[in-house]
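Step one of this worksheet: look at the structure below.
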Amino acid sequence: MKTKFNIITSTCVPLPLENVDTDQIIPARFLKATTKEGFGENLFRDWRYDKEGNKIESFVLNDPTYGGKILVAGKNFGSGSSREHAAWAIADYGFRVVVSSFFADIHKNNELNNFVLPVVVTEEFLAELFDSIYKDPKTEVEVNLPEQTITNKATGKSEHFEINAYKKDCLINGLDDIDYLLANKSKIEAFEAAR
Amino acid sequence: MSKTLFEKIWDKHVVDTLPDGTIQLYIDRLYCHEVTSPQAFAGLRARGLKPFRPEQITCMPDHNIPTLNQDKPIKDPVSKNQVDTLEENARYFGLTYYGLQHPKNGIIHVVGPETGLTQPGMTIVCGDSHTSTHGAMGAIAFGIGTSEVEMTLATQCIMQRRPKTMRITIDGVRKPGVTAKDFALYIISKMSTSGATGYFVEYAGEAIRNTTMEERLTICNLSIEMGARGGMIAPDDVTFDYLKDREFAPRGEEWERKVNEWRQLYSDPDAKFDKEIVFHAEDIDPMVTYGTNPGMGMGIRENIPSMESVDEAGRISYKKSLDYMGFKAGESMLGKKVDYVFLGSCTNGRIEDFRAFASLVKGKKKADDVTVWLVPGSWQVERQIRAEGIDKVLAEAGFALRQPGCSACLAMNEDKVPAGKYAVSTSNRNFEGRQGPGARTILAGPLVAAAAAVTGKITDPRELIKD
């Protein structure tokens with residue numbers, strides 16, 4: 001799970017729907033596992049497979065035209081439940097980056113804690129990126145974490161994206177919050193003593 | 001310096017601030033349920049750690065558990081394994097555990113307040129977005145992911161960015177037949193499911209002050225449905241009267257000392273919020289949702305918005321949503337057939353919800369072709385229902401009680417609504433497939449649910465209260 005993150009260049013999978021909630025990313029009935037592995041199989045389960053378990057050909061994950069490590073989604077991605085299983089499913093499927101114009105808070109945190117990078121772009125950049133991908137599914141996007149830039153290589157357009165310095169450092173160095181907190185345990189004890 | 005209610009509590013829990021503004025936040029209480037904790041406990045074991053402050057952690061299964069025959073083993077082996085795993089983790093690490101049929105078992109967001117574990121001024125987290133419920137008692141409470149559950153287990157801290165603050169004021173006096181759920185669905189319909197993302201919301205104003213403690217829990221519960229990190233209400237006598245003498249509430253001199261401290265928990269008159277929004281209670285009617293997110297709600301007498309009223313980028317999603325529900329833009333919901341009714345969940349599974357439901361169905365009969373699931377939020381609620389004789393009123397009208405749990409809110413147990421069927425549900429989410437694959441959910445309050453249960457149709461409950 002702890003994968004160092006630097007620069008990723010990849011084709012994209014377009015999902016232009018808005019308000020994609022975590023119940024769609026991974027339905028509740030698949031949350032019964034006690035490990036983090038294997039959730040990718042059921043990513044977008046009910047959009048991807050019908051009741052009999054047959055692939056729904058029209059859904060983008062079943063369309064061989066599109067592939068890559070970057071998921072591009074409509075605004076307010078990841079709303080609803082706090083289930084980290086949604087981030088595990090996205091990571092397990094093979095996505096390293098999710099691009100949208102807006103993310104729900106808890107899900108965004110969950111992605112970061114699983115070394116999946118949520119990149120917030122402007123509505124204009126997002127609309128143009130969908131356009132580029134539909135015109136040419138081989139369109140590549142470069143996500144440069146150290147520089148905090150995302151580039152649509154079809155148009156050459158580039159945008160700066162925000163990430164706080166602490167999380168950026170964690171991603172680049174493959175460290176998680178627990179590593180940090182454990183190293184700072186004395187501060188916690190001092191805080192408790194002073195209350 | 002003037003501070004908001006949120007800032008007063010937050011600032012007292014900051015252990016450290018990093019140069020980029022990231023905050024190491026101290027957590028007073030961690031609640032764990034069976035779905036979002038196993039990987040956190042596994043992580044703890046893999047690192048060779050133990051819970052840092054076990055006495056500040058309470059565990060109970062609620063999501064997977066059956067609502068019938070809880071005395072028998074859980075039939076679904078995968079569900080059973082998850083519940084057993086929580087019990088085993090709690091035992092191994094020496095944590096408080098309220099298992100199946102324990103008198104204090106129930107939905108964690110119902111049990112926390114009713115046992116007095118949840119108190120004003122605290123920071124409270126749980127791997128569950130509806131943790132926002134506990135903010136109703138004047139606490140900072142919010143949902144976290146499993147990685148953060150692991151952090152809290154290991155260090156009683158999490159790394160957070162400080163959210164912005166928003167105050168939502170509802171002034172005026174509410175109309176008869178309008179419940180706290182209607183307040184919340186109204187607010188979300190105006191804010192959208194992302195309108196409060198990045199904010200921590202304080203609810204205020206005359207109409208909020210005049211709510212009961214349980215109504216406040218319902219309102220704060222739904223804060224996450226507009227994207228808010230959490231919701232809270234300044235504690236007052238309503239809060240203190242509710243909390244006094246509950247099992248884990250402070251007692252004697254300690255109680256007096258605490259109440260004096262809690263009385264300082266309010267937003268100073270000149271405190272600045274990043275955003276202020278005002279609604280009027282007179283504008284709020286009983287609400288229903290017509291789509292597949294909680295923001296798609298309207299007064300029960302209104303018509304479903306037209307396609308033209310939706311902005312262009314959202315039309316694909318809007319059409320997909322109405323197609324899923326089998327509804328048409330522009331039509332009325334009144335009189336539409338209902339197949340299932342669900343009363344329960346951390347949103348509306350408390351005693352006042354059962355009183356409201358019973359008050360409407362009293363002397364009437366359940367409609368023939370409706371399946372009705374009445375699921376108390378906890379065993380304490382169940383005992384209170386029986387103590388007040390509400391179970392008898394319900395039985396006379398043709399309804400039976402089930403056993404406590406999250407149940408049909410997210411259908412992780414056997415309480416699933418079949419594909420294509422319509423359910424009027426007092427729960428919190430109407431997402432596609434939330435109550436079972438293909439299920440169509442109409443969110444509403446307990447009175448609209450009761451009206452549907454006796455008429456078999458979407459009915460304005462005020463029509464029935466008149467009789």
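The values are calculated or read from the model by the stated rules, or taken from the named source; none is laboratory data. Small disclaimer: the values here were computed from a predicted structure and weren't measured. Here Cβ is always computed from backbone atoms with ideal geometry, including for glycine, and neighbour counts include all displayed protein chains.
Checking each residue in region B:152-167 for being in contact with a helix residue (DSSP H, G or I) (Cβ under 6 Å, 6 or more places away or on another chain) and away from chain A (no Cβ under 12 Å) picks out only B:Thr165. Output the residue which, of all residues in region B:213-251 that are under 15 Å from the mean Cα position of the chain (by Cα) and among the hydroxyl-bearing types (Ser, Thr, Tyr), is nearest to B:Gly314 (Cα to Cα). The residue in question is B:Ser223. Of the residues B:Gln24, B:Gln119, the single one that is part of a strand (DSSP E or B) and within 25 Å of B:Leu5 (Cβ to Cβ) is B:Gln24.
Quick check on region B:29-43. Is at least one of its residues buried (at least 22 other Cβ atoms within 10 Å of the Cβ) and more than 13 Å from B:Val149 (Cα to Cα)? The answer is no, given that none of the residues of region B:29-43 is buried (at least 22 other Cβ atoms within 10 Å of the Cβ) and more than 13 Å from B:Val149 (Cα to Cα). With a requirement of 1 or more residues that are more than 11 Å from chain B (Cβ to nearest Cβ), within 15 Å of the chain's Cα centre (by Cα) and not β-branched (Val, Ile, Thr), the helices (runs of 4 or more DSSP H) lying completely within region A:1-115 that satisfy it span A:85-93.
Against the definition (touching a Ser or Thr at 6+ places or on another chain (Cβ under 6 Å) and either of a type in the set (A, V, I, L, M) or in contact (Cβ under 8 Å) with a residue 12 or more places away in the chain (or both)), how does A:Lys75 come out, yes or no? Even if it seems obvious, please write down each step before you answer.
Values: touching a Ser or Thr at 6+ places or on another chain (Cβ under 6 Å): yes; either of a type in the set (A, V, I, L, M) or in contact (Cβ under 8 Å) with a residue 12 or more places away in the chain (or both): yes.
Criteria met by A:Lys75.
Only one of the numbered conditions (1) of a type outside the set (Lys, Arg); (2) in a loop (DSSP other than H, G, I, E, B); (3) within 13 Å of chain A (Cβ to nearest Cβ) is violated by B:Phe399, and that is (3). Scanning region B:196-213 for residues that are under 20 Å from B:Arg229 (Cα atoms), in contact (Cβ under 8 Å) with a residue 40 or more places away in the chain and in contact with a helix residue (DSSP H, G or I) (Cβ under 6 Å, 6 or more places away or on another chain) yields B:Phe200, B:Glu202.
In region B:130-151, what residues are facing another protein chain (nearest Cβ under 7 Å) and either within 20 Å of B:Arg167 (Cα to Cα) or surrounded by fewer than 24 Cβ atoms within 10 Å (Cβ to Cβ) (or both)? Listed by number, the list holds a single entry, B:Gly143. Of note, A:Glu159 does not satisfy the criterion of being in a helix (DSSP H, G or I), among the charged types (D, E, K, R) and more than 11 Å from chain B (Cβ to nearest Cβ).
Among the residues of region A:105-117, how many are free of Cβ contacts under 8 Å to residues at least 40 places away in the same chain and touching a helix residue (DSSP H, G or I) at 6+ places or on another chain (Cβ under 8 Å)?
Residues of region A:105-117 free of Cβ contacts under 8 Å to residues at least 40 places away in the same chain: A:105-106, A:108-111, A:116.
Those left that are additionally touching a helix residue (DSSP H, G or I) at 6+ places or on another chain (Cβ under 8 Å): A:106, A:109-111, A:116.
Residues in region A:105-117 being free of Cβ contacts under 8 Å to residues at least 40 places away in the same chain and touching a helix residue (DSSP H, G or I) at 6+ places or on another chain (Cβ under 8 Å): 5 in total.
Of all residues in region B:63-112, those satisfying the criterion of being touching a His at 6+ places or on another chain (Cβ under 8 Å) and either of a type in the set (A, V, I, L, M) or at positive phi (or both) are B:Leu86, B:Ile108. With respect to the conditions (1) in a loop (DSSP other than H, G, I, E, B); (2) in contact with a Gly (Cβ under 6 Å, 6 or more places away or on another chain), B:Glu282 lacks only one, and its number is (1). Looking at B:Thr22, B:Thr4, can you tell me which residue is at the interface with chain A (Cβ under 8 Å from one of its Cβ atoms) and touching a strand residue (DSSP E or B) at 6+ places or on another chain (Cβ under 7 Å)? Matching residue, one of B:Thr22, B:Thr4: B:Thr22.
Of all residues in region A:136-150, those satisfying the criterion of being over 17 Å from the mean Cα position of the chain (by Cα) and under 28 Å from A:Tyr166 (Cβ atoms) are A:Pro146, A:Glu147. Entry remark, region B:91-121: residues being touching a strand residue (DSSP E or B) at 6+ places or on another chain (Cβ under 9 Å) and buried (at least 22 other Cβ atoms within 10 Å of the Cβ) number 12 in total.
Considering region B:292-390, the qualifying helices (runs of 4 or more DSSP H), each wholly inside and each with 2 or more residues that are under 30 Å from B:Lys104 (Cβ atoms) and not hydrophobic (A, V, I, L, M, F, W, C), run over B:345-348, B:351-361, B:379-387.
Counting only residues that are assigned to a loop (DSSP other than H, G, I, E, B) and either without any contact (Cβ under 8 Å) to a residue 12 or more places away in the chain or under 24 Å from the mean Cα position of the chain (by Cα) (or both), region B:90-111 holds 9 of them.
For region B:352-373, a residue qualifies if it is aliphatic (A, V, I, L, M), surrounded by fewer than 22 Cβ atoms within 10 Å (Cβ to Cβ) and either modelled with pLDDT under 95 or within 14 Å of B:Asp391 (Cβ to Cβ) (or both), but none of them does. Answer with yes or no whether B:Gly172 is on the phi > 0 side of the Ramachandran plot, surrounded by 24 or more Cβ atoms within 10 Å (Cβ to Cβ) and either of a type outside the set (Asp, Glu) or more than 19 Å from the chain's Cα centre (by Cα) (or both). Spelling it out, it is not the case that B:Gly172 is on the phi > 0 side of the Ramachandran plot, surrounded by 24 or more Cβ atoms within 10 Å (Cβ to Cβ) and either of a type outside the set (Asp, Glu) or more than 19 Å from the chain's Cα centre (by Cα) (or both).
So for region B:262-269 (the condition being of a type outside the set (Lys, Arg), in a helix (DSSP H, G or I) and in contact (Cβ under 8 Å) with a residue 40 or more places away in the chain), does at least one residue qualify?
Let us first name the residues in region B:262-269 that are of a type outside the set (Lys, Arg), namely B:262, B:264-269.
With the extra rule that they be in a helix (DSSP H, G or I), the set shrinks to B:262.
If we keep only those that are in contact (Cβ under 8 Å) with a residue 40 or more places away in the chain too, we end up with B:262.
Checked against the condition, which is being of a type outside the set (Lys, Arg), in a helix (DSSP H, G or I) and in contact (Cβ under 8 Å) with a residue 40 or more places away in the chain, region B:262-269 yields at least one hit.
Filtering region B:211-236 to residues that are under 15 Å from B:Leu5 (Cα atoms) and surrounded by fewer than 24 Cβ atoms within 10 Å (Cβ to Cβ) leaves B:Ala234, B:Asp236. Residue check: A:Ala193 meets all listed conditions (1) more than 8 Å from chain B (Cβ to nearest Cβ); (2) out of contact with any Leu (no Cβ under 9 Å at 6 or more places or on another chain); (3) not in a helix (DSSP H, G or I) but one, namely (3).
Annotation note: of A:Leu181, A:Leu175, A:Leu129, the sole residue that is touching a residue at least 40 places away in the same chain (Cβ under 8 Å), crowded, with 20+ Cβ neighbours inside 10 Å, within 14 Å of chain B (Cβ to nearest Cβ) and not in a strand (DSSP E or B) is A:Leu129.
Restricting to region B:36-89, name every residue that is closer than 21 Å to B:Leu117 by Cβ, assigned to a loop (DSSP other than H, G, I, E, B) and under 21 Å from the mean Cα position of the chain (by Cα). Break it down into steps so the answer makes sense when it comes.
Taking region B:36-89 as the starting set, the residues that turn out to be closer than 21 Å to B:Leu117 by Cβ are B:36-37, B:40-41, B:51-63, B:65, B:83, B:86-87, B:89.
Remaining after also requiring assigned to a loop (DSSP other than H, G, I, E, B): B:36-37, B:51-53, B:60-63, B:65.
Scanning region B:36-89 gives B:Thr36, B:Ser37, B:Met60, B:Pro61, B:Asp62, B:His63, B:Ile65.
Let's see how each residue does on (1) buried (at least 19 other Cβ atoms within 10 Å of the Cβ); (2) touching a residue at least 12 places away in the same chain (Cβ under 8 Å); (3) out of contact with any Asp or Glu (no Cβ under 6 Å at 6 or more places or on another chain); (4) among the basic types (Lys, Arg):
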| site | (1), (2), (3), (4) |
| --- | --- |
| B:Ala387 | no, no, yes, no |
| B:Ile390 | yes, yes, yes, no |
| B:Val393 | yes, yes, yes, no |
| B:Ala397 | yes, yes, yes, no |
| B:Ala411 | yes, yes, yes, no |
| B:Ala419 | no, yes, yes, no |
